């Protein structure tokens, strides 16, 4: 663990500062849009620009990296993202912000791609799980902390925009000063949606729908909270709880999916998310009832935590379910295809959700989440009726962030087969777990070993 941190401290520090700025920026723009009296539809349209940019960048940035290298591309797009947020404070209208969000989306996916390819180069098969776990902690933790910076200055001032830009600019320092050589970059070829659907209909459709829900969830939560007259501090709390709960949920939900039919886990968690989204509507309404009938916001916070706990591990479960039906050598390509489907869905999420909020009010936010989570659950029920469960010994759940790129899929410790020596202690543990092997075997397939050690560092 210490070796990983020593070799990659510059990258983790840089990405930590970027995600701190990203978390801060996401909440800041939502709150400022409400304060500027943007219509909900205009706000959703503006926020959807990020995912359009993300989608465009994911297809084009690898070419830039191959031409000029990791460090130059990182410096260029971190600078562009830093400039873009400053322009938000100068030109304040939905269409201009939409263009700026596209630019930010392209920049962010560039930074993710560089970071994850760098981590792949510096990780070995023995420590991929550890590297991915640290990466997740940095991403979710920094993003969650960034949301609290809303309290430092009013979103109506220009100072918050300067602070976001400052964090983005600071991220360049550790990357540019690192002595370590940049990695050799290789492009990842994904699967077409048609091929992906043929392999795993639930994987492709689930990723598409889930992208729609997640983009709306993160983009419009601050907008919803501001529309419900939450204070800045309360908005930062609810966004913080959303990010942290989703990260914590990865381990227990993932373990369940490794021990039971993943489709059952998908069904229970999606309907669980729908249920807690409904409870959030009830809790949100009760906060503003007259007199003694009003309840504390703590009940609403609890509902958001439970919703996030059920919802945020979903992409990783869908990824693992898809891997159940394919050989290990196609895991990365399938992951790239799923990320493509996720991105297609993500583009429409904020806009569609904001339309519903315009029609029925702020609660349209949770109604949207209820509907699309339930849709995944119903489709999973349908797939269980037409396809038997398949056990693939190489496929296990691996926790991963929603923003992971196709290159980041390679950080999954089960994507590469190796033979590793193991101790007598490990042998005895595996026997207790029901793994059989010859007494004269001197090594164990990593895929088998990781089945039991996948989350040891998470």
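Read-outs: derived from the displayed coordinates by stated rules, not from any lab. Please read all numbers here as calculations on a predicted model, not as lab measurements. Positions of Cβ are generated from backbone atoms using ideal geometry, with glycine treated the same way; all protein chains shown enter the neighbour counts.
Structure notes:
- Rg/Rh for region 239-341, where both radii come from Cα atoms and Rh is the Kirkwood radius: 1.13
- Packing-based ranking, highest mean first, of 14-20, 74-80 given that Cβ atoms within 10 Å are counted: 14-20, 74-80
- Likely footprinting exposure, 164, 238, 344, fewest C-beta neighbours within 10 Å first: 344, 238, 164
- Full-extension gain in nm, residue 59 to residue 359, via 0.36 nm per residue minus C-alpha separation: 104.5 nm
- Counting neighbouring beta carbons within 10 Å and listing from fewest to most, the residues 410, 329, 37 come out as 37, 329, 410.
- Distance between modelled label sites at residue 39 and residue 137, nm, 7 Å Cα→Cβ extension: 4.7
- Inter-probe distance in nm under a simple model that places probes 7 Å from Cα toward Cβ, at residue 99 and residue 122: 3.7
- Per-residue Cβ neighbour rank within 10 angstrom, fewest leading, 175, 267: 267, 175
- Rounded FRET efficiency, nearest 0.05, which uses the C-beta distance separating residue 166 from residue 231 and R0 of 35 Å: 0.90
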